[in-house]
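Student: Dropping a structure here in structure tokens format, bear with me for questions.
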Amino acid sequence: MKQKNPEKAPETAEENSKKILEDSYGRRVTGLRISITDRCNLSCMYCHNEGADCCARGPVGNEMKPELICGIVREAAKFGVNKIKFSGGEPLFRKDFEEILSCLPPLKEVSATTNGILLEKRARTLKAAGLDRVNVSLDSLVPEKYERITGASPGSLEKVIRGIDSAVEAGLTPVKLNMVLLKGINDDEIDSMMEFVRPYKGMVILQLIELMDIDPRLSKYMINSKALEKSLAERASEVKVRHLHHRRKYIIDGVEVEFVRPMDNSEFCAYCSRLRVTADGKFKPCLLVNDNLVDVMGAKNSEEIEKLLKLAVSRRKPYCMPVSTLEQEEKA
Ligand SMILES: Nc1nc2c(ncn2[C@@H]2O[C@H](COP(=O)(O)OP(=O)(O)OP(=O)(O)O)[C@@H](O)[C@H]2O)c(=O)[nH]1
Ligand SMILES: C[S@@+](CC[C@H](N)C(=O)[O-])C[C@H]1O[C@@H](n2cnc3c(N)ncnc32)[C@H](O)[C@@H]1O
Ligand code: SF4
Ligand code: SF4
């Protein structure tokens, strides 16, 4: 059989292994989760701000420029990273978000997570610049509750719903609605949220999120995730398992409901395939760890970015591990 490129010798296993990013726990990195600003127009009662130490509400600060963001993505793409998630703060606060999207290399998927307040006017331009889909955070369909959870001003819920409709019209689909479950506040709204997404016929899907009680004052809002997962499973006609975090997707009466369950979940961390980048230009090996960041802001060229990227991957460690693995690590 004729070789496609007879000049090029087949690659050795060693050469091949250099082209992927894998940490010492065998977890391959295939995605980047890039925070492009710490600024936000809301003040949600539970916000982890992607693990940042602080949450800037004021001026621009030390945010990465589009050139650096795209340089990082280009380097990561050389090692098989093919999914990018933009987050914040509120990513639509960046007026140059379209510019950032325009300079990315070809990728399998580019998505963003937004609170949706500024989405209505930007959906079309974001799509045209290369954004494939969005997740929109929407914790309640009751205006007073929505305002209580997010600190938003009256009228904001309608803006978010108009933003969701614009995203659907622009083709930023499927739009995922992120609903953080808060006991005693919105945990009675799961069914009404399912009815809300139903008319969109798969163009909008529901993602339920277990609260991460990063602050002890939040613990009283934790729902019983085990019981919820059991009831979703009982109601589902089909259950799918995603590779990312091994998250379950339940198909209930034709509506897709994904459950994100990060707390005390070693399976979730075992299938963590994304490396994070902070708004001020640091690789962040884990959402919940802040003492192992790798500064990439001053990187002068692609070689430096590559070196720092590999250093960050080498620092990755599952936050939650099965007891048997922890015991082995202690003995070693
Ligand atoms: N602990 C932890 N939580 C995460 C991680 N990635 C996402 N989450 C949480 O998952 C929820 C949904 O995040 P999104 O930004 O919408 O993105 P996603 O659902 O992870 O990504 P897609 O499903 O691919 O759109 C949020 O509450 C995040 O904090 C992670 O690596 N670790
Ligand atoms: C930090 S926000 C950034 C993007 C954007 N501002 C938004 O709210 O969609 C990303 C996602 O994390 C979720 N989130 C924030 N704090 C959380 C927590 N303590 N537990 C679970 N999810 C949380 C939000 O609901 C949102 O869906
Ligand atoms: S909108 Fe997003 S970043 Fe802003 S406070 Fe809420 S969860 Fe945090
Ligand atoms: S190791 Fe676990 S907690 Fe840390 S980022 Fe990955 S999934 Fe999240």
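Student: Indicate, rounded to the nearest 5 percent, the antiparallel portion of the DSSP beta bridges found entirely in the range 28-179. Let's see the in-between values first.
Tutor: Details: 0 of 16 bridges.
Approximately 0 percent, going by the DSSP bridge assignments.
Student: Then there is this: List every residue whose amide H lies under 5 Å from the amide H of residue 277, counting only residues 5 or more places away in sequence or on a different chain, with H placed 1.01 Å from N in the peptide plane.
Tutor: Here the answer is 33, 34, 35, 284, since their amide H atoms fall under 5 Å of that of residue 277.
Student: Oh, and also: Roughly what % of DSSP beta bridges within the range 29-323 run antiparallel, to the nearest 5?
Tutor: Values: 13 of 44 bridges.
Bridges in the range 29-323 that DSSP calls antiparallel: roughly 30 percent.
Student: Where in the range 69-84 does the label zone of residue 297 land, with the point 7 angstrom along Cα→C-beta and an amide N cut-off under 14 Å?
Tutor: Backbone N within reach: 69.
Student: Once amide H atoms are built 1.01 Å from N in the peptide plane, which residues 5 or more positions from residue 117, or in another chain, come under 5 Å H to H?
Tutor: For residue 117, no residues qualify.
Student: Name the trypsin sites (Lys or Arg not before Pro) in the range 279-308 that are in a loop by DSSP and that have at most 11 other C-beta atoms within 10 Å, would you? Could you put the intermediate results ahead of the total?
Tutor: Working: sites: 282, 300, 307; in loops: 300.
Filter output for the range 279-308: 300.
Student: Here's something else I'd like to know. Taking a virtual spin label 7 Å from the Cα of residue 109 along the C-beta vector, which residues in the range 132-158 bring their backbone nitrogen under 12 Å of it?
Tutor: Answer for this model: 132-135.
Student: Tabulate in residue order the Karplus-calculated ³J(HN,Hα) for the range 83-97, using 6.51 cos²θ - 1.76 cosθ + 1.60 with θ = phi - 60°, rounded to whole Hz; enter x for Gly and Pro.
Tutor: Here the 3J(HN,Hα) series is 10, 10, 10, 9, 9, x, x, 9, x, 6, 5, 7, 5, 9, 4 Hz.
Student: For the chain, build the charge dipole from Cβ charges (+1 Lys, Arg; -1 Asp, Glu) around the Cα centre, then report which of 266, 40, 71 sits farthest towards its positive end.
Tutor: Result: 71, furthest along the dipole toward the positive end.
Student: I would also like to ask the following. At residue 238 and residue 43, where each label point lies 7 Å from the Cα along Cα→Cβ, what is the point-to-point distance in nanometres?
Tutor: 4.5 nm
Student: If you count the DSSP beta bridges with both ends in the range 128-260, what percent of them are antiparallel, to the nearest 5? Could you put the intermediate results ahead of the total?
Tutor: On the way: 9 of 23 bridges.
Percent antiparallel among DSSP bridges in the range 128-260 is about 40.
Student: Residues of the range 231-245 with amide nitrogen under 12 Å from the 7 Å Cα-to-Cβ point of residue 251?
Tutor: 236-241
Student: For the pair residue 169 and residue 213, how long in nm is the line joining their label points, each one 7 Å along Cα→Cβ?
Tutor: If labels sit at residue 169 and residue 213, their model points lie 4.3 nm apart.
Student: Going through the range 168-235, which trypsin sites (Lys or Arg not before Pro) have at most 16 other Cβ atoms within 10 Å and a DSSP loop state? Numbers along the way, then the final one.
Tutor: Working: sites: 176, 183, 201, 217, 220, 226, 230, 235; in loops: 183, 201.
Taking the range 168-235 and a limit of 16 other Cβ atoms within 10 Å, the loop trypsin sites (Lys or Arg not before Pro) found are 183, 201.
Student: Once the dipole of the chain is set up with Lys and Arg at +1 and Asp and Glu at -1 on Cβ about the Cα centre, which of 318, 218, 110 lies farthest towards its positive end?
Tutor: 110
Student: Something else about it: Name the residue farthest towards the positive end of the dipole of the chain from the options 49, 164, 81, assuming +1 on Cβ of Lys and Arg, -1 on Cβ of Asp and Glu, about the Cα centre.
Tutor: Of the listed residues, the answer is 81.
Student: Please find the FRET efficiency linking residue 198 to residue 288, where r is the Cβ-Cβ separation and R0 is fixed at 35 Å, and quote it to the nearest 0.05.
Tutor: Values: r = 35 Å, r/R0 = 0.99.
For residue 198 and residue 288, the calculated efficiency is 0.50.
Student: A further question on this structure: For the range 195-209, in order, what is each residue's ³J(HN,Hα) by Karplus, 6.51 cos²θ - 1.76 cosθ + 1.60 with θ = phi - 60°, in whole Hz (x at glycine and Pro)?
Tutor: For the range 195-209, the Karplus-derived couplings read 5, 5, 7, 3, x, 7, 6, x, 6, 10, 10, 9, 10, 8, 10 Hz, x marking Gly and Pro.
Student: With a 1.4 Å probe and every protein chain left in place, work out the accessible area per residue of the chain in Å², rounded to a whole number.
Tutor: With all protein chains present, the chain gives 50 Å² per residue.
Student: GNM on the chain, C-alpha springs below 10 Å: top fluctuator among 314, 231, 140?
Tutor: 231
Student: For the chain, with only Lys/Arg (+1) and Asp/Glu (-1) charged at the beta-carbon, what is the dipole magnitude about the Cα centre, in debye rounded to 20? Please list the in-between numbers first.
Tutor: Values: 53 positive and 50 negative charges, 159 e Å.
That gives the chain a dipole magnitude of about 760 debye.
Student: Here is a further query. At 37 °C and a viscosity of 0.692 mPa s, what translational diffusion coefficient does Stokes-Einstein give for the chain, taking Rh as the Kirkwood radius over Cα pairs? Give it in µm²/s as a whole number.
Tutor: Details: Rh = 21.1 Å.
Using the Kirkwood radius from Cα pairs, D works out to 156 µm²/s.
Student: Note down the relative contact order for the chain as a percent, whole number, built from C-alpha pairs under 8 angstrom at least six residues apart.
Tutor: Values: 611 pairs, mean separation 61.7, N = 332.
Averaging sequence separation for qualifying contacts and normalising by length gives 19 percent for the chain.
Student: Then there's this: Report, to the nearest whole %, how much of the accessible area of the chain belongs to carbon and sulfur atoms, 1.4 Å probe, protein only. Show your work: numbers first, answer last.
Tutor: Values: 8680 of 16530 Å².
Of all accessible area on the chain, carbon and sulfur atoms account for 52 percent.
Student: Quick one: which of 226/282; 159/183; 226/310 span more than 31 angstrom between C-alpha atoms?
Tutor: Details: 226/282 35 Å; 159/183 25 Å; 226/310 37 Å.
Cα-Cα > 31 Å for 226/282; 226/310; rest within.
The values are calculated or read from the model by the stated rules, or taken from the named source; none is laboratory data. All values derive from a computational prediction rather than experimental measurement. Cβ coordinates were reconstructed from backbone atoms using ideal geometry, including for glycine residues, and neighbour counts include every protein chain displayed. Accessible surface is based on the protein model in full, side chains and every heavy atom, while ligands, DNA and RNA are left aside. Shrake-Rupley method; radii C 1.70, N 1.55, O 1.52, S 1.80 Å.
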